[in-house]
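These notes are about the structure you will find just below.
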Amino acid sequence: MTKLTVNGQSHTLALDPRTTLLDALRDHLDLTGTKKGCDHGQCGACTVLVNGTRVNSCLCLAAMHDEDEITTIEGLGSPDSLNALQAAFVEKDGYQCGYCTPGQIMSATALFDELKAGHPSYVSPDLDHAEMTDAEIAERMSGNLCRCSAYPLIREAIAMAAEVKS
């Protein structure tokens, strides 16, 4: 048995030990917001937060996350009450087909937490200063692909949501 807390709700699942976290979310908990893109960890469509850290859910087994806190796109907001990132994506048209949008928003959620914690990236000016710049957003979002190439609008949406959050 694997116990997962997903979006604040506890679930005990009898899963094949080979079941990925992505498949557990989609096929066993009917949370279909997290997308299966490449199934190789290359596109980021399956990004979720595990204990506040972004992970590609297609690359980890559900059993590896027994007792962990998992947040999916469904746990951030609802159609009636969007969170700041979701609202910014809508306002800035930070999506085209929308397939990658849940993974993009989950990665951006982690991006905010990383910057708040002061974690630098490759483009940070030094190890002590990570700021919300377009280059910083692009670097931190580089693990999420958008086949429609909505990158400029995605970065604008993230920057807009950052202003709302501060």
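The values are calculated or read from the model by the stated rules, or taken from the named source; none is laboratory data. Source: prediction; values computed, not measured. Cβ coordinates were reconstructed from backbone atoms using ideal geometry, including for glycine residues, and neighbour counts include every protein chain displayed. Ligands, DNA and RNA are stripped out before the accessible areas are found, and what is left, the full protein with its side chains, is counted by its heavy atoms. Shrake-Rupley method; radii C 1.70, N 1.55, O 1.52, S 1.80 Å.
Figures for the structure shown
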item	result
Close pairs from the stretch 120-143: first free of Cβ contacts under 8 Å to residues at least 24 places away in the same chain and within 17 Å of Ala159 (Cα to Cα), partner in a loop (DSSP other than H, G, I, E, B) and hydroxyl-bearing (Ser, Thr, Tyr), Cβ under 6 Å, at least 6 apart	Ala130/Ser124; Glu139/Ser121; Glu139/Tyr122
Pick from the stretch 85-96, criterion of a type in the set (A, V, I, L, M) and buried (at least 19 other Cβ atoms within 10 Å of the Cβ), ranking: farthest from Thr2 (Cα to Cα)	Ala88
Extreme residue, surrounded by the fewest Cβ atoms within 10 Å (Cβ to Cβ), among residues of the stretch 39-57 that are within 11 Å of the chain's Cα centre (by Cα) and at positive phi	Gly52
Conditions (1) aliphatic (A, V, I, L, M); (2) open to solvent by less than 70 Å² (accessible area, probe 1.4 Å); (3) within 21 Å of Ile158 (Cβ to Cβ): number failed by Leu82	(2)
Filter result (part of a loop (DSSP other than H, G, I, E, B) and touching a residue at least 60 places away in the same chain (Cβ under 8 Å)) within the stretch 39-67	Gln42, Cys43, Gly44, Ala45, Gly52, Asp66, Glu67
Top-ranked residue in the stretch 58-79 [being of a type outside the set (S, T, N, Q) and at pLDDT below 90; ranked as surrounded by the fewest Cβ atoms within 10 Å (Cβ to Cβ)]	Pro79
Qualifying positions in the stretch 16-38 - assigned to a helix (DSSP H, G or I), open to solvent by 20 Å² or more (accessible area, probe 1.4 Å) and within 14 Å of Thr71 (Cα to Cα)	Arg26
Selection count where residues are assigned to a helix (DSSP H, G or I) and free of Cβ contacts under 8 Å to residues at least 40 places away in the same chain, scope the stretch 68-96	2
Among residues of the stretch 154-166, those that are over 26 Å from His40 (Cβ atoms) and in contact (Cβ under 8 Å) with a residue 24 or more places away in the chain, counted	8
In the stretch 97-139, residue most open to solvent (accessible area, probe 1.4 Å) [restricted to those that are over 18 Å from Asn83 (Cβ atoms) and in a helix (DSSP H, G or I)]	Asp134
Selected residue [under 20 Å from Lys35 (Cα atoms) and at pLDDT 85 or above] from Gly94, Gly103	Gly103
